[in-house]
Amino acid sequence: MNIFDFALKMEADGEKYYRDLAGKAKYEDLKKVLTGLAEDEKRHYEIIQLAQNQTFHFIQADPALAEIKNVFADNTQFAGEKKEFIIKLKDEQLDYYQAALATENQSVELYKKLTGTVENPEGKAICERLMHEEEKHVEVLDDIIEMLNHVNDWVESAEFNHQDTY
């Protein structure tokens, strides 16, 4: 498996992961965010395809990639054996965002690791690009989680209203 095939599989799995979550979400705003993340993963897939098609020489397969776990594959976080967790997720948006954030952090770390191990320049470039794209997802999800957490902290009283400004 070469880096392009690995990245294509991971981004396709990422799109499916977010579309599945969006299908389970009961809040429209949450569905929009998850669908947006799925669209970003689809765009990443298209970027990889373009990069792969513009490479006019053969890129040697990297056997080490077969040993690396795709962070979206076999994600048991939402599988049938954890029904209690799924029930909880249906009621709490924050859990969706935190699960997505954890997966995006894993993606960043994986692409960072691959950047250091892939030998060909095209592979390194695509890993760096995807790592930066996933870092944007982390930033967006962090901001959403922070806003949701601040909502829980607000108190409607002048004597307690010493909140940070945004």
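The values are calculated or read from the model by the stated rules, or taken from the named source; none is laboratory data. As the structure is a computational prediction, the values presented were derived from the model and not from experiment. Here Cβ is always computed from backbone atoms with ideal geometry, including for glycine, and neighbour counts include all displayed protein chains.
The condition of being surrounded by fewer than 18 Cβ atoms within 10 Å (Cβ to Cβ) and of a type outside the set (S, T, Y) does not hold for E41.
Here is a yes/no grid of residues against (1) within 19 Å of the chain's Cα centre (by Cα); (2) modelled with pLDDT of 75 or more; (3) of a type in the set (S, T, Y):
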position: D40; (1), (2), (3): yes, yes, no
position: F58; (1), (2), (3): no, no, no
position: A64; (1), (2), (3): no, no, no
position: F78; (1), (2), (3): yes, no, no
position: E109; (1), (2), (3): yes, yes, no
position: K113; (1), (2), (3): yes, yes, no
position: E139; (1), (2), (3): yes, yes, no
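You will find that of E133, E139, E104, E119, the residue that is surrounded by fewer than 16 Cβ atoms within 10 Å (Cβ to Cβ) and either in contact with a Gly (Cβ under 9 Å, 6 or more places away or on another chain) or part of a helix (DSSP H, G or I) (or both) is E139 and no other. Contact map, the range 14-40: first residue more than 16 Å from H137 (Cα to Cα), second residue of a type in the set (S, T, N, Q) and not in a helix (DSSP H, G or I), Cβ cut-off under 8 Å, separation 6 or more or different chains; the map is empty.
Of the residues in the range 91-132, how many are of a type in the set (D, E), touching a helix residue (DSSP H, G or I) at 6+ places or on another chain (Cβ under 6 Å) and within 26 Å of L30 (Cβ to Cβ)? Summing the residues that are of a type in the set (D, E), touching a helix residue (DSSP H, G or I) at 6+ places or on another chain (Cβ under 6 Å) and within 26 Å of L30 (Cβ to Cβ) in the range 91-132 gives 2.
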